[in-house]
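Asker: Mind looking over this structure? Questions follow.
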Amino acid sequence: MISKAGVVRRYQKAVLQTEKGSVVMDKKLSYKMSIRLFEEDKAFGPGIAVLLHKIDELGSLQKAALSMNMAYSKAWKMITAMERQWGFPLTERETGGRHGGGSTLTVRAKLLVDRYDEFMNAARCDIDGLFEEYFSGEWMDRLSRMDEGSDKDQEDLKG
């Protein structure tokens, strides 16, 4: 199973040999991937990407922060820090009033978050393939059944 957050989970039944007999266990192996972009400081990552998506969806920094169980002040600091880092505004803000305020993403912010999402999706596809190559169900099954004293089993599992 693959999730959007970059987590792959494989459920594998393993048969463990013990002195008292065989025990069947369900094993769960997964990985979690998080990629952050850096210049001198952190320039972009999953947290700001989610925040920008929420602002775009909800039309408000305050609502976005609330939906993420984040203090408004923290969300504000994240946005202003990223704006300083990138050198351009990420949101257009309208102060409250009769119809209330709101925030929308700038064109550059939309392009940036879309590009980051595309990069993450491509990275996930590559990492998913590597995960399957190195930790396939077959390899996990052979690992659970290997004889600790067998040089041949150890060599087979290394390759």
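The values are calculated or read from the model by the stated rules, or taken from the named source; none is laboratory data. Bear in mind that the values here come from a model prediction, so they are computed numbers and not experimental data. Positions of Cβ are generated from backbone atoms using ideal geometry, with glycine treated the same way; all protein chains shown enter the neighbour counts.
The rows are residues; the columns are (1) charged (D, E, K, R); (2) surrounded by 14 or more Cβ atoms within 10 Å (Cβ to Cβ); (3) within 24 Å of the chain's Cα centre (by Cα); (4) over 18 Å from Ala43 (Cα atoms).
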position: Leu58; (1), (2), (3), (4): no, yes, yes, yes
position: Lys77; (1), (2), (3), (4): yes, no, yes, no
position: Arg84; (1), (2), (3), (4): yes, no, no, no
position: Glu92; (1), (2), (3), (4): yes, no, no, yes
position: Gly96; (1), (2), (3), (4): no, no, no, yes
position: Arg108; (1), (2), (3), (4): yes, no, yes, no
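Asker: Considering each residue of the range 92-116, count those that are in contact with an Asp or Glu (Cβ under 8 Å, 6 or more places away or on another chain) and under 11 Å from Leu61 (Cβ atoms), and give that number.
Answerer: Residues in the range 92-116 being in contact with an Asp or Glu (Cβ under 8 Å, 6 or more places away or on another chain) and under 11 Å from Leu61 (Cβ atoms): 5 in total.
Asker: Could you run through the range 33-45 and say how many residues are out of contact with any Gly (no Cβ under 8 Å at 6 or more places or on another chain) and free of Cβ contacts under 8 Å to residues at least 60 places away in the same chain?
Answerer: Counting residues in the range 33-45 that are out of contact with any Gly (no Cβ under 8 Å at 6 or more places or on another chain) and free of Cβ contacts under 8 Å to residues at least 60 places away in the same chain gives 7.
Asker: Another question, if that's okay. Is it the case that Asn69 is under 23 Å from the mean Cα position of the chain (by Cα) and at pLDDT below 95?
Answerer: no
Asker: Let me ask something else about it. Looking at the range 33-57, which of its residues are within 12 Å of Thr91 (Cβ to Cβ) and of a type in the set (A, V, I, L, M)?
Answerer: Correct list: Ile48, Leu51, Leu52, Ile55.
Asker: If you check Arg124 against the conditions, is it among the basic types (Lys, Arg) and touching a residue at least 60 places away in the same chain (Cβ under 8 Å)?
Answerer: Judged against the criteria, Arg124 is a match.
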